[in-house]
1. Does any residue in the range 127-149 that is within 19 Å of Asn181 (Cα to Cα) and free of Cβ contacts under 8 Å to residues at least 40 places away in the same chain come within less than 7 Å, Cβ to Cβ, of a residue that is surrounded by 21 or more Cβ atoms within 10 Å (Cβ to Cβ) and of a type in the set (D, E, K, R) six or more places away or on a different chain, and which pairs are these?
2. Just to check your reading of the model, which residue among Ala201, Ala174 is small (Gly, Ala, Ser), in contact with a Ser or Thr (Cβ under 7 Å, 6 or more places away or on another chain) and free of Cβ contacts under 8 Å to residues at least 40 places away in the same chain?
3. Any residue at all in the range 24-31 that is surrounded by fewer than 21 Cβ atoms within 10 Å (Cβ to Cβ) and at pLDDT 95 or above?
4. Considering only the range 36-103, give the strands (runs of 3 or more DSSP E) lying wholly within it that have at least 2 residues that are surrounded by 14 or more Cβ atoms within 10 Å (Cβ to Cβ) and modelled with pLDDT of 95 or more.
5. Within the range 152-189, take every residue that is more than 13 Å from ligand 1 (Cβ to nearest atom) and surrounded by fewer than 14 Cβ atoms within 10 Å (Cβ to Cβ) and give me the one that is modelled with the highest pLDDT.
6. Being at pLDDT 95 or above and assigned to a loop (DSSP other than H, G, I, E, B): is that true of Gly116 here?
7. Counting just the residues of the range 109-126 that are out of contact with any Ser or Thr (no Cβ under 8 Å at 6 or more places or on another chain) and of a type in the set (A, V, I, L, M, F, W, C), which one comes out farthest from ligand 1 (Cβ to nearest atom)?
8. Can you run down the residue pairs with Cβ atoms below 7 Å, 6 or more apart or on separate chains, where the first is in the range 178-194 and under 19 Å from Glu151 (Cβ atoms) and touching a residue at least 24 places away in the same chain (Cβ under 8 Å) and the partner is away from ligand 1 (no atom under 16 Å from the Cβ) and part of a loop (DSSP other than H, G, I, E, B)?
Amino acid sequence: MPATNTRRASARRDRTSATRATEKTNKKANVRRVAAVRGSRYATSPLIETRRSRIHGLGVYAIAPIKKGTRIIEYLGERISHAEADRRYARKANDDGHTFLFIASSRTVIDASVNGNDARFINHSCDPNCEAVIERGRVYIEAIRDIEPGEELGYDYQLTWESTDDPEDLALYACRCGAKNCRGTMLDKEPVDKQKVKQKAKRKSKRKT
Ligand SMILES: C[S@@+](CC[C@H](N)C(=O)[O-])C[C@H]1O[C@@H](n2cnc3c(N)ncnc32)[C@H](O)[C@@H]1O
Ligand SMILES: [Zn+2]
């Protein structure tokens with residue numbers, strides 16, 4: 001983690017099977033349940049409302065102008081281990097993959113189906129007006145540009161996947177955001193295994209210089 005202890009969310013986690021390989025590492029770690037975060041300043045927001053979305057099910061919309069950089073809402077829910085998330089949702093992978101999970105760290109997953117707030121209804125967009133920011137294990141949704149009232153909020157889920165994942169399983173994560181630059185999927189641009197190889201090569205070349 002960078003010195004600021006803040007990192008961009010690269011693992012919005014809505015799925016189980018495709019992330020299983022990564023989670024195996026976590027299972028070896030000292031996983032434990034962490035008490036739910038209480039009393040968040042960002043539990044609700046007067047800037048947004050939740051209603052039907054053209055993208056999928058419910059979505060979250062601006063009801064007031066939102067300035068770029070505004071911290072809008074915290075992604076709240078029960079804080080559980082990766083193993084517990086797998087236990088709860090292993091079957092979902094064969095279904096439609098819909099869950100309210102978000103990876104907050106290598107140890108903690110937030111399950112917003114328990115004590116979750118409106119943040120759980122923010123849909124994925126390939127042309128996002130928001131991003132998820134992880135700060136000291138907590139996840140916040142922030143505006144990355146000015147947002148007009150009536151606009152649907154969206155951030156790039158960047159769901160993690162492996163190059164060895166079953167294409168049929170990956171097809172479950174097709175995107176319907178409707179953006180001109182829609183990449184057709186809620187999955188991250190590259191599989192995690194490829195990202196790791198690249199990162200390793202980068203570290204190696206840095207050591208040489
Ligand atoms: C955290 S929920 C978002 C709220 C959701 N619309 C609902 O009513 O529950 C995430 C799920 O919404 C759906 N979803 C979100 N963004 C989508 C998109 N751009 N295209 C297709 N489905 C999307 C997928 O089923 C995804 O697993
Ligand atoms: Zn899209």
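The values are calculated or read from the model by the stated rules, or taken from the named source; none is laboratory data. Because the structure is predicted, anything quoted here is derived from the model rather than measured. Heads up, the Cβs are rebuilt from the backbone with ideal geometry, glycines too, and the neighbour counts pull from every protein chain shown.
1. Listed by first residue and then by second, the contacts come to Pro128/Asp156.
2. Numbers: Ala201 fails: in contact with a Ser or Thr (Cβ under 7 Å, 6 or more places away or on another chain).
Residue meeting the stated conditions: Ala174.
3. The answer is no, given that none of the residues of the range 24-31 is surrounded by fewer than 21 Cβ atoms within 10 Å (Cβ to Cβ) and at pLDDT 95 or above.
4. Where strands (runs of 3 or more DSSP E) fall fully within the range 36-103 and carry at least 2 residues being surrounded by 14 or more Cβ atoms within 10 Å (Cβ to Cβ) and modelled with pLDDT of 95 or more, they are 48-52, 58-62, 71-74, 78-80.
5. Across the range 152-189, the extreme among qualifying residues is Lys180.
6. On the way: at pLDDT 95 or above: yes; assigned to a loop (DSSP other than H, G, I, E, B): yes.
Criteria met by Gly116.
7. The extreme case among them is Val114.
8. Short answer, once both residue conditions are applied: none.
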